[in-house]
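Any read-out appearing in this document is the output of simple, stated calculations on the displayed coordinates, not a laboratory observation. This structure is a prediction, so every number in the text was calculated from the model and none was measured. Methodologically, a virtual Cβ is constructed for each residue, glycine included, from the backbone with ideal geometry; neighbour enumeration extends over all protein chains shown.
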């Protein structure tokens, strides 16, 4: 009895461990082995996805850096090509303007050369009109010619009363008068012509400068006194000549009387 009691006491002293080995979980109703496998698979998948996400982020960062470098290089090339295109376009525009300007200058020069050759003809027509010979059909043709040349751009200049301008007037006569305020064209010997901004021929003119009235009066008084002196001298000369003539007549009569005796 004692031994059996001792064994029973030892069995009672050992802890009781209850192991639930049921294959079906009473709470979820799922197989415990299958659930643990699904959890492991899910955890493995999440870990793999995390690694893939990290790798993707690293690769994306590298790819973004490469893309940014490529975009920067393309932008640099684009700026260079744009600058080259702008430079070429500016050179072409300058060339085109220069060619157009040279073409216009050549055309204007050709017209000016032809008009310059026609100026003597216009002078002849002007002289004929001044003498009254420009009449009839000849006048009609002359008017049509002058009108055509003026429409092309030929412009005459040089009129009496214009202010003297040495750039377009050639002075061949000079005088002074108190009636003008400054150098003034008072005589036009030959009209000048211009074509646009180009002077084809200067006008031949006579110029009168301003003279103060006091100087003019002094000149008039000196002229009057000179005239009076000339008249006095002339009268004295006439008187002397009369006296000499009378003396000669007396001498001639005395010689005649002596010869008679």
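I'd like the FRET efficiency for residue 152 and residue 187, computed as 1/(1 + (r/R0)^6) with the beta carbon distance as r and R0 of 35 Å, rounded to 0.05. In this case the efficiency is close to 0.75. On the beta carbon distance between residue 135 and residue 211, with R0 = 51 Å, the FRET formula returns roughly 0.75.
Taking a ≥ b ≥ c as the square roots of the Cα gyration tensor eigenvalues, with a/c under 1.5 meaning rounded and otherwise prolate when a/b beats b/c, else oblate, which class fits region 109-151? In terms of gyration-tensor shape, oblate. Taking the number of Cβ atoms within 10 Å of each Cβ as an exposure proxy, the fewest-first ranking of 175, 167 is 167, 175. Exposure proxy for 207, 168: other Cβ atoms within 10 Å of each Cβ, ordered fewest to most, give 168, 207.
Here the label points at residue 62 and residue 100, each 7 Å from Cα along the C-beta direction, are separated by 5.8 nm in the simple model. Determine Rg/Rh for region 155-212; Rg is computed over alpha-carbon atoms and Rh is the Kirkwood hydrodynamic estimate from the same atoms. For region 155-212, the value is 1.01. For region 155-212, what does the relative contact order come out to in percent, with C-alpha contacts under 8 Å and a separation of six or more? It comes to 46 percent, rounded to a whole number. Could you tell me whether region 47-122 comes out rounded, prolate or oblate from its Cα gyration tensor? Rule is a ≥ b ≥ c as square roots of the eigenvalues, rounded for a/c under 1.5, then prolate if a/b exceeds b/c, otherwise oblate. Cα axes put region 47-122 in the prolate bin.
Does region 104-223 come out rounded, prolate or oblate by the C-alpha gyration tensor, with a ≥ b ≥ c the root eigenvalues, rounded set by a/c under 1.5 and, if not, prolate when a/b is larger than b/c and oblate if not? Here region 104-223 falls in the oblate category.
Spin-label model, residue 123/residue 92: points 7 Å from Cα along the beta carbon direction are separated by 5.1 nm.
The ranking of 138, 157 by Cβ neighbour count inside 10 Å, starting from the fewest, reads 138, 157.
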